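This report concerns only the one structure given below.
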Amino acid sequence: MKLINKTIPSTLLTIFIFSIFIYARAVGYGDLRLSVATIDTETYITSARNPLFSWQGFSGRRLFTTNLLFKLSTKAECPAPVPSNPFHGQEREREILPCFQTIALTQNALSIFGWCLLAYLFSKRINNPFYKILSIITILGFGFTPQIAEWDSVLNVESITLSLGVISLALLIESAHRFPKILQGYSASLLDILIITLFLFVFLLWVFARDAHLYAIFTLLILIIPLFLFKPIRNMKWMVGITLLLIITFIFGSATSQASTRWHPSIEHSMNYYILPYPARVAFMMERGMPNPNDTSAYKQWFETKANKDYAVFLLSHPGFILTTYFELSSYLRSDFLQTFFPTPKLEYYTTLLKIGEALHPETNHTYILSILLFISISISAISTKNTTIISWAWLASCFLFTPPSHLP
């Protein structure tokens, strides 16, 4: 009875906090159907007209998941809306666009659901009532402040990437905490398998939103394969199936990416800024088949067929370059959280929301140092205590530590 008496107030407070945040997010940024186009929006509309489950649907200008989202605007002949181009001083106000209001509504709904799911499943694993409530407030504050919320009005890939990434993370947390009992010899329940299946479904949707996400599969495989050292895992055919599915997806995704032209802009940028200005790097690339850049036709043919592969070899051969470039460009990974495509809403509490968001989205490298220290602390605790819950958190922390920031939600 005492336990029930303690649980009811905590549950009611949790429901109250969720209700307040959901209501504030739903009404705080204006009509959820408001949206604005970017210069890339037209490419998503055009790509979505390809058959969804076709080679072109995966190897075209845009990927499967954004094609699926923008299918909501292709039921009628919808012309591409006038894009906002803030880089040329052509910032536009949000509008309720008849052909795209369903997309805007979907983006907002997925965002609200995703952050609420993450807050619930994360806080569920915390026993202390104070820290449980604090975690809910922090996560919802992180996702519902302007730095994240305003992207849900932009007709681009950012919103769907963030939302699916957050939902994947929430389901991964729940899946990871269900594995210890399986390792102890207990059979996986139907609910266990359902949650893991849901994670895979959402995770693969997230993977096929952006090419860079494909390499998160590689990280996940590195962390899953050692689990087969445990006999209960080896005896699970469905775990073998999951591993094979991830491997096949990685191979398929790599093939469709290679067959497309999506990688051209990023590789062209890398060549122009990190390779061609440096004679030693040019010499390295030429030793592996890159023609003289002054030979325009030969260089163009090489670029379209082999540039991404040869550049990957360069990266693998120069780990020091990766580290130095990462630290040189780290400011890009912790800045520009706010969208620039439409003027900020004239809301009474907007400035306050912005300040709260700045506190929760710090633009400093200290966050990386803190993350590493927390990972070390959790790992030491997991090894010393052998507590299954702490081991699960350490495994999850590894996912973040070894996944490049550009591949995270």
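Does any residue of the stretch 388-402 turn out to be out of contact with any Asp or Glu (no Cβ under 8 Å at 6 or more places or on another chain), within 30 Å of residue 87 (Cβ to Cβ) and modelled with pLDDT under 80?
No, the stretch 388-402 contains no residue that is out of contact with any Asp or Glu (no Cβ under 8 Å at 6 or more places or on another chain), within 30 Å of residue 87 (Cβ to Cβ) and modelled with pLDDT under 80.
Would it be correct to say that residue 18 is surrounded by fewer than 19 Cβ atoms within 10 Å (Cβ to Cβ), within 26 Å of the chain's Cα centre (by Cα) and modelled with pLDDT of 90 or more?
Yes.
Taking the stated definitions as given, is residue 307 part of a helix (DSSP H, G or I), in contact (Cβ under 8 Å) with a residue 40 or more places away in the chain and more than 25 Å from the chain's Cα centre (by Cα)?
yes
Could you say which residue among 93, 77 is under 18 Å from residue 151 (Cβ atoms) and either outside any helix (DSSP H, G or I) or of a type in the set (Asp, Glu) (or both)?
93
Inside the stretch 240-288, can you point out the residues that are assigned to a loop (DSSP other than H, G, I, E, B) and hydrophobic (A, V, I, L, M, F, W, C)?
Passing the criteria: 263, 276.
Whether any residue in the stretch 112-123 is aliphatic (A, V, I, L, M) and not in a helix (DSSP H, G or I) is what I want to check.
No, there is no match, as no residue in the stretch 112-123 is aliphatic (A, V, I, L, M) and not in a helix (DSSP H, G or I).
Taking the options 104, 109, name whichever one is under 23 Å from the mean Cα position of the chain (by Cα), loosely packed, with under 15 Cβ neighbours inside 10 Å and part of a helix (DSSP H, G or I).
109
Can you tell me which residue among 50, 67 is part of a loop (DSSP other than H, G, I, E, B), crowded, with 17+ Cβ neighbours inside 10 Å and of a type outside the set (D, E, K, R)?
Just one listed residue meets the conditions, 50.
Looking at (1) surrounded by 11 or more Cβ atoms within 10 Å (Cβ to Cβ); (2) at pLDDT 75 or above, which is the only condition residue 384 fails?
Here residue 384 clears every test but (1).
Could you run through the stretch 246-266 and say how many residues are touching a helix residue (DSSP H, G or I) at 6+ places or on another chain (Cβ under 6 Å) and either under 23 Å from residue 302 (Cβ atoms) or of a type in the set (Lys, Arg) (or both)?
Selection size over the stretch 246-266: 6.
Kindly evaluate residue 326 against the criterion of being at pLDDT below 85 and either surrounded by 15 or more Cβ atoms within 10 Å (Cβ to Cβ) or more than 16 Å from residue 263 (Cα to Cα) (or both).
Considered against the rule, which asks whether it is at pLDDT below 85 and either surrounded by 15 or more Cβ atoms within 10 Å (Cβ to Cβ) or more than 16 Å from residue 263 (Cα to Cα) (or both), residue 326 comes out as yes.
State yes or no: is residue 249 polar (S, T, N, Q) and free of Cβ contacts under 8 Å to residues at least 24 places away in the same chain?
No, not satisfied.
Suppose the filter is of a type in the set (Lys, Arg), surrounded by 15 or more Cβ atoms within 10 Å (Cβ to Cβ) and modelled with pLDDT under 90; does residue 92 pass it?
For residue 92, the condition - of a type in the set (Lys, Arg), surrounded by 15 or more Cβ atoms within 10 Å (Cβ to Cβ) and modelled with pLDDT under 90 - is met.
State the number of residues belonging to the stretch 203-229 that are among the aromatic types (Phe, Trp, Tyr) and either outside any helix (DSSP H, G or I) or farther than 19 Å from residue 174 by Cα (or both).
4
Out of the stretch 25-47, which residues are in a helix (DSSP H, G or I) and surrounded by 15 or more Cβ atoms within 10 Å (Cβ to Cβ)?
Once the filter is applied, which keeps residues that are in a helix (DSSP H, G or I) and surrounded by 15 or more Cβ atoms within 10 Å (Cβ to Cβ), the stretch 25-47 yields 25, 28, 41, 42, 43, 44, 45, 46, 47.
Quick one: what pairs do we get from the stretch 204-227, first residue touching a residue at least 12 places away in the same chain (Cβ under 8 Å) and closer than 15 Å to residue 164 by Cα, second among the basic types (Lys, Arg) and outside any helix (DSSP H, G or I), C-beta under 6 Å, 6+ apart or different chains?
Short answer, once both residue conditions are applied: 211/262.
How many residues, within the stretch 349-378, are loosely packed, with under 14 Cβ neighbours inside 10 Å, assigned to a helix (DSSP H, G or I) and not small (Gly, Ala, Ser)?
Residues in the stretch 349-378 being loosely packed, with under 14 Cβ neighbours inside 10 Å, assigned to a helix (DSSP H, G or I) and not small (Gly, Ala, Ser): 10 in total.
Hey, among the residues in the stretch 230-239 that are buried (at least 16 other Cβ atoms within 10 Å of the Cβ) and either among the β-branched types (Val, Ile, Thr) or part of a helix (DSSP H, G or I) (or both), which one's modelled with the lowest pLDDT?
Out of the qualifying residues, it is 232.
When both residues are 6+ apart or on different chains and their Cβ atoms are under 6 Å apart, which pairs have a first residue that lies in the stretch 159-184 and is over 13 Å from residue 209 (Cβ atoms) and free of Cβ contacts under 8 Å to residues at least 40 places away in the same chain, and a second that is surrounded by fewer than 21 Cβ atoms within 10 Å (Cβ to Cβ) and not β-branched (Val, Ile, Thr)?
The qualifying pairs are 178/192.
The values are calculated or read from the model by the stated rules, or taken from the named source; none is laboratory data. In this text the structure is predicted, and so the values were computed from the model without any measurement. Quick reminder, even Gly has a Cβ in these numbers, built from the backbone with ideal geometry, and neighbours come from all protein chains shown.
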